[in-house]
1. Compute the helix-to-body angle for 16-25: its Cα long axis versus the longest principal axis of the chain, expressed 0 to 90° and rounded to tens.
2. So, for the chain, what is the accessible surface per residue at a probe of 1.4 Å, expressed in square angstrom?
3. Between LEU58 and VAL81, how many nm apart are label points set 7 Å from Cα along the C-beta direction?
4. How many nm is it between the label spots at GLU112 and GLN41, if each spot is 7 Å from the Cα in line with the beta carbon?
5. Could you check the simple spin-label distance between GLU88 and THR100, using points 7 Å along Cα→Cβ, in nm with one decimal?
6. With all protein chains present, calculate the accessible area of LYS93 using a 1.4 Å probe and round the result to the nearest 10 Å².
7. Using only alpha carbon pairs under 8 Å that are at least six residues apart, calculate the relative contact order of region 58-115 and give it in whole percent.
8. Quick one: how many Å² of LEU37 are accessible to a 1.4 Å probe, rounded to 10?
Amino acid sequence: MPEMTKVEIITRQSKLEELKTALNEIGITGMTVTNVLGYGQQKGQKQKYRGVDYSVDLLPKVKVEMVVCAIPVQQVVDVAVKTLRTGEIGDGKIFVSPVTRVIKVRTGEEDEKAL
């Protein structure tokens, strides 16, 4: 059985379409996208509203999740980094973790067949 790996990408909302297109080109056919809020090293942003300073601690981001087994994980990571990197704070993070089991609820198929 091929190794299954979950790749989670958290990045700017403005980069989602470009990322989806790039991943589609290398054969990623399924993903889950969630709107999330968060911050990293930048600790949010300072903004002014009607002359008053306020802090926006949690910034809107998107989280893209996929489980891969047929496409090399490093290829997925390389495409994501190439697509998302601007060199600015807030480009995002990629988390890679092993998946030990997948079950398709409708059919009961498991692992690679369930993907």
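1. In the chain, helix 16-25 runs at an angle near 20 degrees to the longest axis.
2. Details: 7900 Å² over 115 residues.
Ligands and nucleic acids excluded, the result is 69 Å² per residue.
3. 3.0
4. 3.9
5. So the label points at GLU88 and THR100 sit 4.2 nm apart.
6. 120
7. Values: 22 pairs, mean separation 13.5, N = 58.
Once divided by the residue count of region 58-115, the mean separation gives 23 percent.
8. Looks like 120 Å² after rounding.
The values are calculated or read from the model by the stated rules, or taken from the named source; none is laboratory data. Note that the coordinates shown come from a computational prediction; the quantities given were computed from them, not determined experimentally. Don't worry about glycine lacking a Cβ; one is built from the backbone with ideal geometry, like all the others, and counts go over all protein chains shown. Heavy atoms of the whole protein, side chains included, go into the accessibility calculation; ligands, DNA and RNA do not. Shrake-Rupley method; radii C 1.70, N 1.55, O 1.52, S 1.80 Å.
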